[in-house]
1. Only one of (1) closer than 23 Å to GLN117 by Cβ; (2) within 17 Å of the chain's Cα centre (by Cα); (3) of a type outside the set (Asp, Glu) is not met by VAL74, so which one is it?
2. Which count do you get for residues in region 224-263 that are open to solvent by less than 60 Å² (accessible area, probe 1.4 Å), of a type in the set (Val, Ile, Thr) and either in contact with a Cys (Cβ under 8 Å, 6 or more places away or on another chain) or not in a strand (DSSP E or B) (or both)?
3. Of the residues that make up region 12-27, is at least one touching a Lys or Arg at 6+ places or on another chain (Cβ under 7 Å), touching a residue at least 12 places away in the same chain (Cβ under 8 Å) and not β-branched (Val, Ile, Thr)?
4. Given the conditions (1) over 18 Å from the mean Cα position of the chain (by Cα); (2) modelled with pLDDT under 90; (3) surrounded by 12 or more Cβ atoms within 10 Å (Cβ to Cβ), report the number of the one that GLY100 does not fulfil.
5. Is it the case, given these coordinates, that ASN190 is surrounded by 14 or more Cβ atoms within 10 Å (Cβ to Cβ) and over 18 Å from the mean Cα position of the chain (by Cα)?
6. Looking only at region 115-138, how many residues end up being crowded, with 19+ Cβ neighbours inside 10 Å and either in contact with an Asp or Glu (Cβ under 7 Å, 6 or more places away or on another chain) or farther than 13 Å from ILE50 by Cβ (or both)?
7. Can you name every one of the strands (runs of 3 or more DSSP E) wholly within region 113-202 that holds 3 or more residues which are closer than 30 Å to MET33 by Cα and modelled with pLDDT of 95 or more?
8. Would you pick out the residues in region 33-87 that are part of a loop (DSSP other than H, G, I, E, B) and either among the polar types (S, T, N, Q) or exposed (fewer than 14 other Cβ atoms within 10 Å of the Cβ) (or both)?
Amino acid sequence: AQQRVETQGRVLEPCTLQYGNRQFTPNGSGSWMLRDVSFHEPSSCPGWAIVMCTGGHDRRDENVDAFVETLYKVAAERSMNLGRLVDRLPVDAYEVIRRGSGLEHFLTDTVCRLQQQSGIQIGLLLCVMSDTPGENGKYTYPALKRWSHTISGIPVQCCQVTKAMKVGDKRSKRMANDPQYAAGLLLKMNLKMGGENCHAITPTPRGCGGPQAGIALMQQVAEGTMVVGLDVHHASPGSQGASFAAVVASMDMQCVKFRTIVT
């Protein structure tokens, strides 16, 4: 009878995570508290705007104000400068989305209009979407990402309407005033705007003489090194679909920042 191959394994020591003002070594549960912790490289943008991509919800001013206030407060704790919200009232894109076409053109016109009115360059759109993944994925989410990645180059951060536009308590999913929810959004927003949340410090190699020696060794090994990934996607046999080639490469020593090209 066939037998499984047995081999000796070992548990690797966890990497220490370096944030802006603190270090964490993950414990057995894989969790750590980020309260009052700044990003290693906080990002900034001159201005941003909120776009409503869903309708039929009670979007009261106090809910929007609570969400924005919480987002700014937690961003300040992370040493992140969000800049100015160019229009306190969210831009309503629901009617365009309901027609199922024209969202990219609408967003381009909206950004141009807001920049001309405010005199501020927009560096981020926060798009509030439906709570239904299927509804979002059918048209809205792909259109937002196409506009962001291939037309404007402006980062887009998506969030759900019930979470972002509803004030609630700790037991509900209404998180407009929840710092923990805002912190989760800012983790993504900081990376999209070119920042760095944290990076890993590898465990000190045996016999290297201490943590600083280990870090110095890592720097020497990594200096001048780029991690590159390449792939080609072909359409299925018999299909007239195009083939796509993609290249992704690291842009910093910690292998945190990456750039990609798709052709």
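The values are calculated or read from the model by the stated rules, or taken from the named source; none is laboratory data. This structure is a prediction, so every number in the text was calculated from the model and none was measured. Methodologically, a virtual Cβ is constructed for each residue, glycine included, from the backbone with ideal geometry; neighbour enumeration extends over all protein chains shown. All accessible areas refer to the heavy atoms of the entire protein, side chains included, with ligands and DNA or RNA removed. Shrake-Rupley method; radii C 1.70, N 1.55, O 1.52, S 1.80 Å.
1. Failed condition: (1).
2. Residues in region 224-263 being open to solvent by less than 60 Å² (accessible area, probe 1.4 Å), of a type in the set (Val, Ile, Thr) and either in contact with a Cys (Cβ under 8 Å, 6 or more places away or on another chain) or not in a strand (DSSP E or B) (or both): 1 in total.
3. Scanning region 12-27, I find no residue that is touching a Lys or Arg at 6+ places or on another chain (Cβ under 7 Å), touching a residue at least 12 places away in the same chain (Cβ under 8 Å) and not β-branched (Val, Ile, Thr), so the answer is no.
4. Tallying (1) over 18 Å from the mean Cα position of the chain (by Cα); (2) modelled with pLDDT under 90; (3) surrounded by 12 or more Cβ atoms within 10 Å (Cβ to Cβ), GLY100 fails exactly one: (3).
5. Details: surrounded by 14 or more Cβ atoms within 10 Å (Cβ to Cβ): yes; over 18 Å from the mean Cα position of the chain (by Cα): no.
No: the conditions fail for ASN190.
6. Residues of region 115-138 that are crowded, with 19+ Cβ neighbours inside 10 Å, as a first pass: 122-130, 136.
From the residues that got through so far, the ones that are either in contact with an Asp or Glu (Cβ under 7 Å, 6 or more places away or on another chain) or farther than 13 Å from ILE50 by Cβ (or both) too are 123, 130, 136.
Counting residues in region 115-138 that are crowded, with 19+ Cβ neighbours inside 10 Å and either in contact with an Asp or Glu (Cβ under 7 Å, 6 or more places away or on another chain) or farther than 13 Å from ILE50 by Cβ (or both) gives 3.
7. On the way: elements: 122-129, 156-160, 199-201.
By residue number, 122-129, 156-160.
8. If we filter region 33-87 for residues that are part of a loop (DSSP other than H, G, I, E, B), which is where we start, we get 33-40, 42-43, 45-46, 53-60, 78-80, 82-83, 86-87.
MET33, ARG35, ASP36, SER38, SER43, THR54, GLY56, ASP58, ARG60, SER79 - these are the residues of region 33-87 that are part of a loop (DSSP other than H, G, I, E, B) and either among the polar types (S, T, N, Q) or exposed (fewer than 14 other Cβ atoms within 10 Å of the Cβ) (or both).
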